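Here's the structure, in structure tokens; my notes come after.
The values are calculated or read from the model by the stated rules, or taken from the named source; none is laboratory data. All values reported here derive from a predicted model rather than from experimental measurement. Virtual Cβ from ideal backbone geometry, glycine too; neighbours counted across all protein chains shown.
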Amino acid sequence: MNELGKARSCRVCVEVELDGADLWKRPLPTARAAEILGVHRSTLHAWIVQGRIPARRFGRNWKVPRSVVERILAGELALL
């Protein structure tokens with residue numbers, strides 16, 4: 001997050017112009033998103049830090065937009 005409280009920009013968001021309130025309606029916890037994507041939680045966290053996947057912090061927990069996970073699974077988004 002930047003100083004304005006907005007989600008960190010990422011390559012996925014820039015390429016497909018994911019933005020707005022709809023993106024964060026039903027976010028997934030990182031553990032669940034990692035399970036769905038078939039990767040370890042630490043791998044998902046590394047992708048978040050690298051800006052490959054958008055994420056927001058809700059309290060103490062990081063969440064990933066459900067729509068981004070669905071698009072990755074459908075092959076519509078590639079992790080750079």
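With the structure loaded, tell me whether Glu70 is part of a helix (DSSP H, G or I), loosely packed, with under 14 Cβ neighbours inside 10 Å, modelled with pLDDT of 90 or more and of a type in the set (Asp, Glu) or whether it fails that test.
Details: part of a helix (DSSP H, G or I): yes; loosely packed, with under 14 Cβ neighbours inside 10 Å: yes; modelled with pLDDT of 90 or more: yes; of a type in the set (Asp, Glu): yes.
Answer is yes for this residue.
On the basis of being of a type outside the set (Gly, Ala, Ser) and surrounded by fewer than 18 Cβ atoms within 10 Å (Cβ to Cβ), does Arg56 make the cut? Break it down stepwise before answering.
On the way: of a type outside the set (Gly, Ala, Ser): yes; surrounded by fewer than 18 Cβ atoms within 10 Å (Cβ to Cβ): no.
Spelling it out, it is not the case that Arg56 is of a type outside the set (Gly, Ala, Ser) and surrounded by fewer than 18 Cβ atoms within 10 Å (Cβ to Cβ).
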